[in-house]
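Working notes, beginning with the structure itself.
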Amino acid sequence: MSIPSDLREVSSLYHFTRWQRWTKLILPGIFPYLLTGMVTASGGAWNASVMAEYAVVKKQTLQTIGLGAQISSATDAGRFPIILLATILISLMVVTMNRLVWRRLYRLAETRYKLEG
């Protein structure tokens with residue numbers, strides 16, 4: 001739906017192969033939307049990792065090794081310095097990922113894969 005009908009028609013008139021249609025029309029046309037979905041999924045994955053690494057079930061603690069488990073166990077134990085340190089660390093990781101990966105991909109989407117004039 002995000003690909004203008006005139007571009008779809010041109011690909012048909014020039015007899016694009018299936019591969020050409022995907023690489024020259026469909027993927028560039030959906031790239032900004034695909035990127036937004038990947039960023040959203042990445043944020044959800046960070047939240048899920050924090051929740052999945054530490055759980056209390058029937059008074060039994062199930063825990064793995066990870067930053068999410070450290071945050072959750074420190075919260076249960078009331079160890080505020082550990083909570084602060086782990087939260088700062090995970091924030092730095094998210095900001096670094098945003099700066100090094102997502103920002104560059106968004107810039108690419110805005111410059112190279114922009115359909116409107």
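The values are calculated or read from the model by the stated rules, or taken from the named source; none is laboratory data. On a predicted model such as this, the values are computed, not experimentally measured, just so you know. Counting neighbours? That spans all protein chains shown, and the Cβs are built from the backbone with ideal geometry, glycine included.
In the range 65-77, what count of residues is obtained for those that are surrounded by 11 or more Cβ atoms within 10 Å (Cβ to Cβ) and either outside any helix (DSSP H, G or I) or among the aliphatic types (A, V, I, L, M) (or both)?
Residues flagged as surrounded by 11 or more Cβ atoms within 10 Å (Cβ to Cβ) and either outside any helix (DSSP H, G or I) or among the aliphatic types (A, V, I, L, M) (or both) within the range 65-77 amount to 5.
How many residues, within the range 13-46, are farther than 16 Å from Tyr113 by Cβ, in a helix (DSSP H, G or I) and modelled with pLDDT of 85 or more? Write out each step before concluding.
Step one: filter the range 13-46 for residues farther than 16 Å from Tyr113 by Cβ, giving 13-20, 40-46.
From the residues that got through so far, the ones that are in a helix (DSSP H, G or I) too are 13, 18-20, 40-46.
Now restrict to residues that are modelled with pLDDT of 85 or more: 18-20, 40-45.
Matching residues across the range 13-46 total 9.
Report the residue count in the range 78-93 for those that are closer than 18 Å to Thr40 by Cα and surrounded by 15 or more Cβ atoms within 10 Å (Cβ to Cβ).
Total satisfying the criteria: 1.
Sort out which residues of the range 94-110 are within 14 Å of Gly43 (Cβ to Cβ) and surrounded by 12 or more Cβ atoms within 10 Å (Cβ to Cβ), and write them in order of number.
Filtering the range 94-110 down to residues within 14 Å of Gly43 (Cβ to Cβ) leaves 94-95, 97-98, 101-102.
The answer is Val94, Met97, Asn98, Val101, Trp102.
Just the residues that are polar (S, T, N, Q) and in a strand (DSSP E or B), please, taken from the range 47-62.
Keep residues of the range 47-62 that are polar (S, T, N, Q), which gives 47, 49, 60-61.
Listed by number, the residues that qualify are Gln60, Thr61.
Which condition from (1) within 15 Å of the chain's Cα centre (by Cα); (2) modelled with pLDDT of 90 or more is the one that Ser49 breaks?
So Ser49 meets the others, but not (2).
Hey, among the residues in the range 85-117 that are in a loop (DSSP other than H, G, I, E, B) and either in contact with a helix residue (DSSP H, G or I) (Cβ under 6 Å, 6 or more places away or on another chain) or among the small types (Gly, Ala, Ser) (or both), which one's modelled with the lowest pLDDT? It would help to see each step written out before you state the result.
Filtering the range 85-117 for residues in a loop (DSSP other than H, G, I, E, B) gives 112-117.
Filter once more, so that each one left must be either in contact with a helix residue (DSSP H, G or I) (Cβ under 6 Å, 6 or more places away or on another chain) or among the small types (Gly, Ala, Ser) (or both): 113, 117.
On the way: Tyr113: 75, Gly117: 48.
Result: Gly117.
Looking at the range 52-59, can you tell me whether even one residue there is basic (Lys, Arg) and either surrounded by 10 or more Cβ atoms within 10 Å (Cβ to Cβ) or touching a residue at least 40 places away in the same chain (Cβ under 8 Å) (or both)? Show your work before the answer.
Filtering the range 52-59 down to residues basic (Lys, Arg) leaves 58-59.
Then keep just the ones that are either surrounded by 10 or more Cβ atoms within 10 Å (Cβ to Cβ) or touching a residue at least 40 places away in the same chain (Cβ under 8 Å) (or both); that gives none.
No, the range 52-59 contains no residue that is basic (Lys, Arg) and either surrounded by 10 or more Cβ atoms within 10 Å (Cβ to Cβ) or touching a residue at least 40 places away in the same chain (Cβ under 8 Å) (or both).
Return yes or no: is Thr40 free of Cβ contacts under 8 Å to residues at least 24 places away in the same chain, within 30 Å of Leu89 (Cβ to Cβ), of a type outside the set (D, E, K, R) and surrounded by 12 or more Cβ atoms within 10 Å (Cβ to Cβ)? First the steps, then the outcome.
Numbers: free of Cβ contacts under 8 Å to residues at least 24 places away in the same chain: yes; within 30 Å of Leu89 (Cβ to Cβ): yes; of a type outside the set (D, E, K, R): yes; surrounded by 12 or more Cβ atoms within 10 Å (Cβ to Cβ): no.
Against the criterion (free of Cβ contacts under 8 Å to residues at least 24 places away in the same chain, within 30 Å of Leu89 (Cβ to Cβ), of a type outside the set (D, E, K, R) and surrounded by 12 or more Cβ atoms within 10 Å (Cβ to Cβ)), Thr40 does not qualify.
Just give me the residues in the range 58-79 being of a type in the set (Val, Ile, Thr) and either under 28 Å from Asn98 (Cα atoms) or modelled with pLDDT of 90 or more (or both), in sequence order. Lay out the reasoning, then the answer.
In the first step, residues of the range 58-79 are kept if they are of a type in the set (Val, Ile, Thr); the result is 61, 64-65, 71, 75.
Residues satisfying the conditions are Thr64, Ile65, Ile71, Thr75.
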